[in-house]
Amino acid sequence: MSNKLEDWRKQIDSIDEKILNLLAKRMDISSKIGKFKKEKKVSLLDKKRLEEMVESNIKKGKKLGLSKEFIKNLLHLIHKYSLEIQEKG
């Protein structure tokens, strides 16, 4: 049993690393977006875009067996941090 548990934990560790790498790439793009928006004097917060992104990903997440609340909370947290990155950019 412990071998199975260790294997699953290794799989989770690998997935977590991939998630972190993807989040880092996302934040890099957010920084570029922030610089672009500042140059163009565009508001950093686009509520319509946020709503569309959240709703689209909730639909995708539900198809994958993830709850609406989980997806919504996760995306809002990611978006909040993205805005912070854009403000610095």
Q. At pLDDT 95 or above, β-branched (Val, Ile, Thr), outside any loop (DSSP other than H, G, I, E, B) and over 12 Å from the mean Cα position of the chain (by Cα): does that describe Ile15?
A. yes
Q. So which residues in region 18-50 are hydroxyl-bearing (Ser, Thr, Tyr) and either open to solvent by 90 Å² or more (accessible area, probe 1.4 Å) or in a loop (DSSP other than H, G, I, E, B) (or both)?
A. Ser43
Q. Assigned to a helix (DSSP H, G or I), open to solvent by 90 Å² or more (accessible area, probe 1.4 Å) and at pLDDT below 95, is that true of Asn73?
A. no
Q: Can you run down the residue pairs with Cβ atoms below 6 Å, 6 or more apart or on separate chains, where the first is in region 65-89 and free of Cβ contacts under 8 Å to residues at least 12 places away in the same chain and the partner is part of a helix (DSSP H, G or I) and open to solvent by less than 100 Å² (accessible area, probe 1.4 Å)?
A: Lys68/Ile58
**Q.** So Lys18, is it out of contact with any helix residue (DSSP H, G or I) (no Cβ under 9 Å at 6 or more places or on another chain) and not hydroxyl-bearing (Ser, Thr, Tyr)
**A.** yes
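The values are calculated or read from the model by the stated rules, or taken from the named source; none is laboratory data. For clarity, every value in this text was computed on a predicted model and none was experimentally measured. Reconstructed Cβ throughout: ideal geometry from the backbone, glycine too, with neighbour counts over all protein chains shown. The accessibility values were calculated without ligands, DNA or RNA, using every heavy atom of the protein model including side chains. Shrake-Rupley method; radii C 1.70, N 1.55, O 1.52, S 1.80 Å.
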